[in-house]
Ligand SMILES: Cc1ncc(COP(=O)(O)O)c(C=O)c1O
């Protein structure tokens with residue numbers, strides 16, 4: 001295998017790896033990675049505007065994280081948390097409780113991925129409150145286990161059976177307001193719809209345990225709601241005695257230019273879900289929540305390798321790197337720079353309908369026509385494919401599969417932002433000029 005070409009990798013992959021776990025946009029086979037760059041098995045180098053689905057916040061092979069993991073490996077390869085204790089988990093829990101805002105008694109639950117953390121919240125909340133229902137948002141993505149999918153309402157997930165107790169309501173999308181473009185403040189209308197219609201018809205608020213929300217809907221299309229959306233949602237929750245849960249799996253840990261995304265709205269969730277970048281590349285998720293939610297009973301959400309010492313050590317080192325290297329500040333500053341550069345693409349390319357983002361999560365929505373906003377989905381697939389050929393890794397997301405998602409490592413420099421945007425610029429020009437054929441993307445199903 002060591003000497004294999006990309007095409008040979010593709011054939012092995014086709015034969016050996018389940019399609020059910022594939023979300024492929026182009027034939028990339030990683031060999032090594034450092035900082036913001038990945039190298040493939042043929043030695044070609046790529047600038048990574050994905051961070052592997054917003055996971056590599058500190059970049060690839062961060063020396064501090066690497067060193068900490070090696071030292072922990074030398075102590076032991078595994079230590080159980082569910083039937084024992086170890087220092088890395090205790091230190092990490094203490095650190096997360098200190099970092100997550102909320103002037104109340106908090107605890108931490110550990111898991112292995114964002115999906116198990118969302119699922120655990122969904123399992124514990126009815127027990128803790130005696131209420132059966134939840135509210136979530138259309139376009140939300142909370143995971144890929146059965147229960148986390150019941151909370152999600154992404155087109156990729158609504159095909160599965162179950163989940164009647166989770167009521168889905170419209171998210172405040174300023175570019176495509178579900179209530180129409182002429183309703184004024186989309187956030188206000190969305191919140192009024194929840195309170196004046198949903199709560200009075202199919203979902204009595206006194207049977208709602210929690211509302212779960214992303215502060216920026218990422219897989220749903222990198223939708224940044226108006227600034228008043230989260231505070232208004234928090235206000236509704238408080239008035240009806242409903243818990244507010246923020247899913248910060250994808251954009252927490254500094255990505256938006258605050259340590260946690262909801263700090264932009266100045267709200268205080270009762271539970272925060274973390275994952276992806278938390279473990280610095282190793283599998284780890286966490287729920288940081290009010291004690292009464294997480295202490296509802298023993299042995300209710302057990303995964304054998306949850307909170308393993310290696311992942312917790314990597315997480316502690318990742319947080320240290322974020323703090324010591326000023327990565328939250330870098331995400332804010334370079335993110336703003338990147339945003340302006342992407343905005344300039346909108347002036348140049350008719351395909352670009354909207355550019356939005358917060359810090360190091362940016363979305364470029366492609367449309368066939370700026371007036372009708374008809375989604376340019378095939379074009380999005382072609383742009384990410386062409387960018388890949390040029391040496392840039394980027395994915396697309398969104399309910400119409402037409403939003404280029406840009407989530408680089410938080411260590412990105414302005415020079416790297418320029419380099420990546422130049423490749424996107426070229427890719428957009430090539431697609432607009434019809435230089436990327438349908439056949440070129442035919443074997444990558446995307447989503
Ligand atoms: C907001 C959000 N929550 C939860 C998840 C699920 O995380 P995982 O895929 O690690 O299970 C994702 C994954 O994309 C996500 O974006």
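The values are calculated or read from the model by the stated rules, or taken from the named source; none is laboratory data. Please read these numbers as outputs of a predicted model, since none were measured by experiment. Neighbour counts run over all protein chains shown; Cβ positions are idealised from the backbone, glycine included.
Here are the numbers:
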| quantity | calculated |
| --- | --- |
| Any hit, segment 118-133, residues being surrounded by fewer than 19 Cβ atoms within 10 Å (Cβ to Cβ) and either within 24 Å of residue 309 (Cβ to Cβ) or modelled with pLDDT under 95 (or both) | no |
| Within segment 112-212, helices (runs of 4 or more DSSP H) holding 3 or more residues that are more than 14 Å from the ligand (Cβ to nearest atom) | 114-129, 186-193 |
| Residue list for segment 160-181, restricted to those being within 14 Å of residue 229 (Cα to Cα) and touching a strand residue (DSSP E or B) at 6+ places or on another chain (Cβ under 9 Å) | 169, 170, 171, 172, 173, 174 |
| Residue count for segment 52-68, restricted to those that are at negative phi and within 14 Å of the ligand (Cβ to nearest atom) | 3 |
| Cβ pairs under 7 Å, 6+ apart, first in segment 145-162 and at positive phi, second surrounded by fewer than 24 Cβ atoms within 10 Å (Cβ to Cβ) and modelled with pLDDT of 85 or more | 162/146 |
| Of all residues making up segment 352-387, the number that are over 22 Å from residue 57 (Cβ atoms) and touching a residue at least 40 places away in the same chain (Cβ under 8 Å) | 12 |
| Residue match in segment 331-349 (condition: surrounded by fewer than 17 Cβ atoms within 10 Å (Cβ to Cβ), assigned by TED's automatic domain parsing to the domain that holds residue 246 and touching a strand residue (DSSP E or B) at 6+ places or on another chain (Cβ under 7 Å)) | no |
| Residues within segment 13-30 that are surrounded by fewer than 13 Cβ atoms within 10 Å (Cβ to Cβ) and not in a loop (DSSP other than H, G, I, E, B), tallied | 6 |
| Matching residues in segment 184-212 - criterion: being modelled with pLDDT of 95 or more and exposed (fewer than 13 other Cβ atoms within 10 Å of the Cβ) | 196, 197, 200, 201, 202, 206 |
| Options 249, 223; residue that is within 23 Å of residue 281 (Cβ to Cβ), within 16 Å of the ligand (Cβ to nearest atom), under 12 Å from the mean Cα position of the chain (by Cα) and buried (at least 23 other Cβ atoms within 10 Å of the Cβ) | 249 |
| Odd one out for residue 380 among (1) within 20 Å of residue 226 (Cα to Cα); (2) under 21 Å from the mean Cα position of the chain (by Cα) | (1) |
| Count of residues meeting criterion [out of contact with any strand residue (DSSP E or B) (no Cβ under 9 Å at 6 or more places or on another chain) and in contact (Cβ under 8 Å) with a residue 40 or more places away in the chain] in segment 236-276 | 4 |
| Residue count, segment 101-111 (criterion: assigned to a strand (DSSP E or B) and more than 16 Å from the ligand (Cβ to nearest atom)) | 3 |
| Of all residues making up segment 2-12, the number that are touching a residue at least 12 places away in the same chain (Cβ under 8 Å) and either over 28 Å from residue 157 (Cβ atoms) or exposed (fewer than 11 other Cβ atoms within 10 Å of the Cβ) (or both) | 5 |
| Qualifying positions in segment 62-91 - farther than 18 Å from residue 327 by Cβ and part of a helix (DSSP H, G or I) | 69, 70, 71, 72, 73, 74, 75, 87, 88, 89, 90, 91 |
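Matching residues to (1) within 16 Å of the ligand (Cβ to nearest atom); (2) touching a helix residue (DSSP H, G or I) at 6+ places or on another chain (Cβ under 7 Å); (3) in contact (Cβ under 8 Å) with a residue 40 or more places away in the chain; (4) assigned by TED's automatic domain parsing to the domain that holds residue 281:
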| residue | (1), (2), (3), (4) |
| --- | --- |
| 24 | yes, no, yes, no |
| 30 | no, no, no, no |
| 33 | no, no, no, no |
| 36 | no, yes, yes, no |
| 39 | no, no, no, no |
